[in-house]
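Worksheet for the structure shown next.
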Amino acid sequence: LLFSQPEKSSILVRGLDHSRAVSNCSLVDDYRHQQLEQMKKRLGEYGEPLMVGEYKQLRMMFDSGCPAMFWLFAHTDGLYDLQDVIQRKLRGKQSGDGAEVVGIGVGSMVLARYSVDKAVYRAKVEEVIEGELFSVRYIDYGNRDDTLTKDDIYPWDEMLEIIPPQAVPCCFYKASEAISKKTSLNLKEMEAFTLLMKQSSPMQMDVHKRNNLALDVFDPSVHQLGPDLVVSLRGKDGRDVLHKLSKLPAFATCFSQKTQQLEKVEPIAVVPTVKAMKQLEALQPHVPMRAVPHPLHLDDADLAHDIGDDPPSPVHPMFTSRAVEKVMSWL
């Protein structure tokens with residue numbers, strides 16, 4: 001193909017503009033990557049996935065949940081920095097691109113507007129209703145919104161995965177089965193539990209066990225089915241949170257259930273040994289042994305004989321004597 005000089009100049013200018021645009025995008029991406037890496041460092045121990053160990057700073061805040069699984073998030077300055085980056089990224093966009101996001105469904109990572117404060121946060125889709133309404137979990141706070149539309153959903157930015165989720169689902173360490181399986185609460189229990197956790201926040205946390213792999217939340221195929229961490233919590237007053245929960249009247253039956261179960265256990269029969277029998281005999285006052293009376297009513301009856309292979313177990317004379325004594329008393 002032959003081009004005139006003006007056409008060649010136009011093509012050259014468009015090529016240069018494209019190169020400059022690509023270069024500018026690359027520079028912006030490099031800057032944002034460095035910015036997020038620095039933010040990760042400022043988060044300190046919370047810039048890495050929470051693992052087994054002690055987190056002694058009073059940082060962990062309660063958001064929502066029940067004793068079987070509750071959401072905590074790390075309250076740090078770095079969290080505010082992260083939110084500032086996200087808000088600036090979407091500045092000027094009043095509505096999301098949910099209608100244009102291809103393949104969005106349960107498990108998808110998105111940026112989602114929160115219906116209360118209208119700000120945008122990192123989130124994971126937990127439910128889609130008829131392709132129009134979305135329920136999402138905000139991964140940096142642990143709360144959930146069930147009333148979002150496509151206009152509230154923005155495409156995910158994989159670069160944001162540099163920062164691990166700042167919220168995590170937890171359960172109590174060494175909690176009784178009545179607590180660890182208490183997934184539903186009545187109104188009184190919910191108010192008491194929420195008030196306790198809110199008043200105890202910010203809290204120190206000891207992680208005793210991690211149930212799931214770190215950063216699994218970014219995997220669309222992984223769905224949240226249970227708590228990630230098994231933890232002990234101490235409130236800002238220094239007291240153990242699970243112990244304080246056991247003192248609440250609303251949960252009295254949950255903590256007494258274990259005791260009740262123990263009370264219902266039947267005593268285990270212990271086979272007496274010869275030594276034990278002799279010790280018991282030594283403690284008892286000496287009484288004359290009573291002879292077994294002759295069964296007068298069985299004079300003309302044939303006695304039954306055991307035809308089993310095993311010999312009969314011998315009966316201790318003390319038991320026989322007491323049985324005779326009771327029979328004689330009854331007579």
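The values are calculated or read from the model by the stated rules, or taken from the named source; none is laboratory data. Just so we're clear, the structure is a prediction, and the values are computed from it rather than from any experiment. Neighbour counts run over all protein chains shown; Cβ positions are idealised from the backbone, glycine included. Accessible surface areas use protein heavy atoms only, side chains included; no ligands, DNA or RNA. Shrake-Rupley method; radii C 1.70, N 1.55, O 1.52, S 1.80 Å.
Confirm whether V120 is within 20 Å of L82 (Cα to Cα) and either more than 21 Å from the chain's Cα centre (by Cα) or basic (K, R) (or both).
Yes: the conditions hold for V120.
Only one of A175, A192, A214 is over 21 Å from Q87 (Cβ atoms), part of a loop (DSSP other than H, G, I, E, B), at pLDDT 90 or above and not polar (S, T, N, Q); which?
Every option except A175 fails the conditions.
Can we say K118 is at pLDDT 95 or above, among the charged types (D, E, K, R) and open to solvent by 10 Å² or more (accessible area, probe 1.4 Å)?
So K118 does not fit the description; no.
Within the group Y31, Y80, Y46, which residue is at pLDDT below 90 and either closer than 30 Å to G142 by Cα or surrounded by 10 or more Cβ atoms within 10 Å (Cβ to Cβ) (or both)? Reasoning before the result, please.
Numbers: Y80 fails: at pLDDT below 90; Y46 fails: at pLDDT below 90.
Of Y31, Y80, Y46, the one residue that is at pLDDT below 90 and either closer than 30 Å to G142 by Cα or surrounded by 10 or more Cβ atoms within 10 Å (Cβ to Cβ) (or both) is Y31.
Which of (1) within 14 Å of A112 (Cα to Cα); (2) touching a Gly at 6+ places or on another chain (Cβ under 9 Å) is the odd one out, the single condition D157 does not satisfy?
Single failed check for D157: (2).
Return the pairs, sorted by first residue and then second, in which the second residue is aromatic (F, W, Y) and open to solvent by 70 Å² or more (accessible area, probe 1.4 Å), the first residue lies in region 206-231 and is under 17 Å from T183 (Cβ atoms), the beta carbons are less than 9 Å apart, and the residues are 6+ apart or on different chains.
V230/Y173
Out of all the residues in region 120-145, which are more than 19 Å from F73 (Cα to Cα), part of a loop (DSSP other than H, G, I, E, B) and not small (G, A, S)?
Residues satisfying the conditions are E130, E132.
Being under 30 Å from E48 (Cβ atoms), exposed (fewer than 14 other Cβ atoms within 10 Å of the Cβ) and in contact (Cβ under 8 Å) with a residue 40 or more places away in the chain is true for just one of K174, K89. Which residue is that? Outline the logic, then answer.
Values: K89 fails: exposed (fewer than 14 other Cβ atoms within 10 Å of the Cβ).
Exactly one of K174, K89 is under 30 Å from E48 (Cβ atoms), exposed (fewer than 14 other Cβ atoms within 10 Å of the Cβ) and in contact (Cβ under 8 Å) with a residue 40 or more places away in the chain, namely K174.
Which of the residues belonging to region 197-251 are open to solvent by 50 Å² or more (accessible area, probe 1.4 Å) and touching a Pro at 6+ places or on another chain (Cβ under 7 Å)?
Residues satisfying the conditions are N211, L215, Q224, K236.
Taking region 146-172 as the region of interest, how many residues are within 28 Å of M197 (Cα to Cα) and in a loop (DSSP other than H, G, I, E, B)?
4
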